[in-house]
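Report on one structure; see the data block that follows.
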Amino acid sequence: MEWIDIFIVAVYLIGLLLFGLWFGRFVKTEKDYFLAGRTLPFWAIGMSIVVSDIGAVDFVSLCGSSYRYGIAAANMDWIGTMPAIVLATFIFIPYYWRSGVYSVPEYLGRRFGASVRALQSVAWILFLVVNLGAVFWASAGLFDELLGGRILEAIGFTAAPGDPDGTYHRKLFYVVLTAAFTGLYTISGGLAAVVYTDVVQLIIMFIGAFFVVGLGLAHPDVGGFAGLKESLAAQHPDHLTLFLPHDTATPFPWTGVLFGLALVQAPAYFMANQTIVQRTLGARDEWAAKAGTLFGGVLKFFIPILVVLPGLIALRLVPDLEDADKAYAQLMTILLPAGLRGLVFAAFLAAMMSSVDSILASAATLVTRDCLMAWSHLAPSPRRLLAIGRAVTVLLLVGGIGLAATMETELFAGIYEILQSSLAIIQGPTWALLVMGMFWRRATPMGGLAGLVAGLALSIGLTVWHKAGFEPALFHAEDPFMFIAFDSFSFTLLVIAIASLFTPPVAPEALRGLVFRSYRYDDELQDAIESRQRSDDDSSES
Amino acid sequence: MDLPVGIFLGFFTLIGLAALLVPRDYIYRGAPDRRLWRDLRWWAAGLVAVHIAVYWYFS
């Protein structure tokens with residue numbers, strides 16, 4: 001990258017930081033910090049959902065997946081989003097918003113008890129913190145590849161003892177730089193800063209990524225979409241179908257895509273992942289919560305065009321790449337002139353920073369409200385909670401930097417590989433809890449706890465069996481996590497059902513507002529609850 | 001591969017139809033007005049239709 005590109009990136013970073021810091025003036029209570037004071041409009045929610053979901057690593061890995069396996073990689077964002085988003089819009093999100101919870105574990109705690117809340121919050125916090133370290137380190141690698149050591153060399157650093165080419169310390173520098181920029185506005189402005197900077201980041205991301213796609217399709221060796229399709233049909237026909245066979249070795253067998261991804265992993269992601277759900281909880285009204293979710297689904301439709309199509313273009317332009325994950329970086333080198341490279345790099349930064357700020361905001365909410373407040377039974381003032389929330393965010397940021405710094409050790413490589421699977425491990429059981437909790441009144445707290453523990457045990461067991469290569473092999477796919485998610489979901493459902501039937505039912509009054517249709521035909525109760533919520537808000541602000 | 005295509009497109013169609021059947025009052029709850037553009041049933045139906053088209057094209 002040239003100095004003009006670095007200048008563009010610097011302007012973007014400083015502008016975004018100042019914009020994010022501005023929101024700090026509006027944060028007075030923990031509700032302002034964790035839920036943006038419940039003022040968010042639908043369009044900001046939708047845009048924030050999309051850019052929080054897509055990180056710089058997704059650009060690299062999804063592009064690499066489509067280079068290797070074709071358009072089937074787009075299933076992750078098409079069928080892997082739309083059904084779940086529609087279900088979330090019309091059922092789960094309205095119930096979360098109406099109940100006034102700050103997090104999904106808090107909802108599950110009201111439905112199934114404190115033990116389930118504790119297990120869920122700890123599992124998600126572990127995943128989020130490790131994910132934070134992983135995002136930092138993976139993105140630092142990307143920046144090192146694109147920027148090199150120019151910035152550090154400009155201040156006189158080239159190497160250190162034990163790191164002769166300076167790679168490790170350069171990456172650490174990029175981690176700290178990114179953490180500083182992102183952390184400052186997140187700690188200052190909370191969810192409002194996160195969401196509105198996400199709006200800017202989405203625009204930058206879309207503009208930059210569309211440039212890559214446009215220039216790629218216009219390249220004479222590609223010949224537009226028709227030319228691309230013709231060349232792929234001749235050389236890689238399997239790259240043009242969304243439906244790969246059940247026994248394919250790729251990660252996208254159609255059965256896994258339907259049963260594992262569409263019916264389990266995607267709903268769990270959009271309805272149980274705090275980083276996604278939290279911005280809907282900050283909506284100004286119930287309609288904005290629903291509309292923001294659905295608008296996010298509309299915008300998400302364009303993501304495969306931005307990250308999967310480049311992989312197919314790269315296959316045409318650079319057909320012999322040894323490492324498919326370098327496809328996007330290669331496209332940037334081939335297609336983009338100086339100046340435009342900086343804009344696209346800013347798009348990468350946007351994607352990465354939006355993931356980091358969302359992870360920070362959601363992890364801080366879970367630690368502060370679902371762990372500290374829930375376990376201590378203290379009820380500090382809203383202002384004191386705000387201070388605690390900010391302190392927790394700082395600690396998480398430092399923890400993320402520390403974890404990132406250990407990413408290249410052998411010990412962590414092993415742990416990281418297992419924990420990268422942790423999303424698939426917890427999604428199946430979590431989704432089963434939500435389904436039973438929302439749709440079956442007979443589900444009991446003991447049933448929920450038994451199901452969660454049993455489901456997690458099965459997920460972990462199947463993952464370890466597959467990773468260790470034990471015989472008999474249980475799956476054809478090299479990456480069978482869609483199947484593991486479906487299997488653990490089904491098993492958890494069964495255990496919840498059986499255990500619930502052997503334990504006393506929950507009183508109907510205790511389920512009001514937590515179970516589907518417990519509000520729909522009770523407008524008087526709904527109005528009474530909303531009136532109480534408004535008076536609670538007024539008394540906390542005074 | 002006709003079976004998975006049929007299953008996927010049928011699944012999407014069911015989702016679209018279910019979205020269109022959601023009661024109007026439920027859709028507009030919390031909305032400041034009841035203008036047509038706020039009717040989320042049509043947003044959902046449009047999103048489903050686009051997915052049906054794309055999955056049929058790449059089948």
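The values are calculated or read from the model by the stated rules, or taken from the named source; none is laboratory data. No experiment lies behind these values; they were computed from the predicted model shown. Note that we place each Cβ from the backbone using ideal geometry, even for glycine, and neighbour counts take in every protein chain shown.
In region A:284-297 there is at least one residue that is within 13 Å of chain B (Cβ to nearest Cβ), more than 23 Å from A:S66 (Cα to Cα), modelled with pLDDT of 90 or more and not in a helix (DSSP H, G or I). Right, A:R384: on the phi < 0 side of the Ramachandran plot, in a helix (DSSP H, G or I) and without any contact (Cβ under 8 Å) to a residue 12 or more places away in the chain or not? Judged against the criteria, A:R384 is a match. Within region B:22-36, the residues that satisfy the criterion of being at the interface with chain A (Cβ under 10 Å from one of its Cβ atoms) and either within 15 Å of the chain's Cα centre (by Cα) or part of a helix (DSSP H, G or I) (or both) are B:V22, B:P23, B:D25, B:Y26, B:I27, B:Y28.
Determine, yes or no, whether B:V54 is under 10 Å from the mean Cα position of the chain (by Cα) and either of a type in the set (V, I, T) or at positive phi (or both). Considered against the rule, which asks whether it is under 10 Å from the mean Cα position of the chain (by Cα) and either of a type in the set (V, I, T) or at positive phi (or both), B:V54 comes out as no. Figure legend. Inter-residue proximity from region A:247-267: first residues surrounded by fewer than 23 Cβ atoms within 10 Å (Cβ to Cβ), second residues polar (S, T, N, Q), beta-carbon distance below 8 Å, spacing 6+ or different chains. Indicated pairs: A:P251/A:S65. Here B:I15 clears all of (1) at the interface with chain A (Cβ under 7 Å from one of its Cβ atoms); (2) more than 30 Å from A:Y69 (Cβ to Cβ); (3) under 14 Å from the mean Cα position of the chain (by Cα) except the condition numbered (2). Considering region A:64-105, and only residues there that are aromatic (F, W, Y) and part of a helix (DSSP H, G or I), the residue that is nearest to A:F243 (Cα to Cα) turns out to be A:Y69. Close contacts from region A:81-101, counting a first residue that is within 8 Å of another protein chain (Cβ to nearest Cβ) and within 14 Å of B:Y28 (Cα to Cα) and a second that is crowded, with 19+ Cβ neighbours inside 10 Å and of a type in the set (F, W, Y), with Cβ to Cβ under 9 Å and a gap of 6+ residues or different chains, come to A:T89/B:W43; A:P94/A:Y519. The combined condition, being in contact (Cβ under 8 Å) with a residue 60 or more places away in the chain and not in a helix (DSSP H, G or I), is fulfilled by A:L321. Checked across region A:160-172, the condition of being at pLDDT 85 or above and either crowded, with 23+ Cβ neighbours inside 10 Å or of a type outside the set (K, R) (or both) holds for at least one residue.
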